[in-house]
Amino acid sequence: MKALPAWSNLLFLLPLGLAVYFHVWLSAIILCAVLISSFVYHLSRQKKLAHTDALLAKVLILSNVWICYLGRFSLPWFAATLILAGLALYFYFCEQNKNYILWHGLWHLSSALITVFSILTFLGGS
């Protein structure tokens, strides 16, 4: 069960596939970096890799905001993105409690879905 945060990274394959299929290369490149670094960090649990994992998570967040902007915040996809962002923040702050594995896995799920809906927002507005 301790490997769940690592294996929940597989959820990012969905937005990666979507990004590649629709040629949203910024998202595809960032998702590849996120997948690799997060897998390595969560499987090794080396503290020095935590900074890279956190930095790439922030880069993914910024790129999602950017592509939503480029997609003119098109509805209904952007509304779904905002709802999921609220859930993600809840999961992120709840993971500080005793059940890190559950909450961090939910963080990965919501982050992957946010990226899917950000890509759909981009596609809907372009």
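General observations
- Residue check for SER27: in contact with a helix residue (DSSP H, G or I) (Cβ under 9 Å, 6 or more places away or on another chain), closer than 17 Å to ILE101 by Cα and either part of a helix (DSSP H, G or I) or not hydroxyl-bearing (Ser, Thr, Tyr) (or both): no
- Within region 65-104, the residues that satisfy the criterion of being modelled with pLDDT of 85 or more and among the hydroxyl-bearing types (Ser, Thr, Tyr) are TYR69, SER74, THR81, TYR90.
- Residue count, region 8-25 (criterion: loosely packed, with under 15 Cβ neighbours inside 10 Å, farther than 18 Å from GLY105 by Cα and touching a residue at least 12 places away in the same chain (Cβ under 8 Å)): 0
- Selection count where residues are among the small types (Gly, Ala, Ser) and under 17 Å from LEU109 (Cα atoms), scope region 57-85: 3
- Close pairs from region 37-64: first closer than 30 Å to ALA80 by Cβ, partner acidic (Asp, Glu) and surrounded by 13 or more Cβ atoms within 10 Å (Cβ to Cβ), Cβ under 7 Å, at least 6 apart: SER37/ASP53; SER38/ASP53; TYR41/ASP53
- PRO76 being exposed (fewer than 13 other Cβ atoms within 10 Å of the Cβ) and closer than 13 Å to PHE117 by Cβ: yes
- Put simply, of PHE122, PHE117, PHE93 the only residue that is closer than 20 Å to LYS58 by Cα, free of Cβ contacts under 8 Å to residues at least 12 places away in the same chain, assigned to a helix (DSSP H, G or I) and out of contact with any His (no Cβ under 9 Å at 6 or more places or on another chain) is PHE93.
- Selected residue (only one of ALA50, ALA79 is aliphatic (A, V, I, L, M) and farther than 19 Å from GLY125 by Cβ): ALA50
- Of residues in region 29-53 being within 24 Å of LEU18 (Cβ to Cβ) and polar (S, T, N, Q), the one modelled with the lowest pLDDT: SER38
- Against the conditions (1) of a type in the set (Lys, Arg); (2) within 22 Å of LEU16 (Cα to Cα); (3) loosely packed, with under 13 Cβ neighbours inside 10 Å; (4) more than 13 Å from the chain's Cα centre (by Cα), LYS58 satisfies every one except (4).
- Residues that are crowded, with 18+ Cβ neighbours inside 10 Å and within 19 Å of TYR41 (Cβ to Cβ), drawn from region 105-122: GLY105, LEU106, TRP107, HIS108, SER110, SER111, ALA112, THR115
Condition check ((1) touching a Ser or Thr at 6+ places or on another chain (Cβ under 6 Å); (2) surrounded by fewer than 13 Cβ atoms within 10 Å (Cβ to Cβ)) across all residues:
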position: SER37; (1), (2): yes, no
position: SER44; (1), (2): no, yes
position: LYS47; (1), (2): no, yes
position: HIS51; (1), (2): no, yes
position: ARG72; (1), (2): no, no
position: THR81; (1), (2): yes, no
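The values are calculated or read from the model by the stated rules, or taken from the named source; none is laboratory data. Quick caveat: nothing in here was measured; it's all calculated off a predicted structure. Cβ sites come from the backbone with ideal geometry, for glycine too, and all protein chains shown count toward neighbours.
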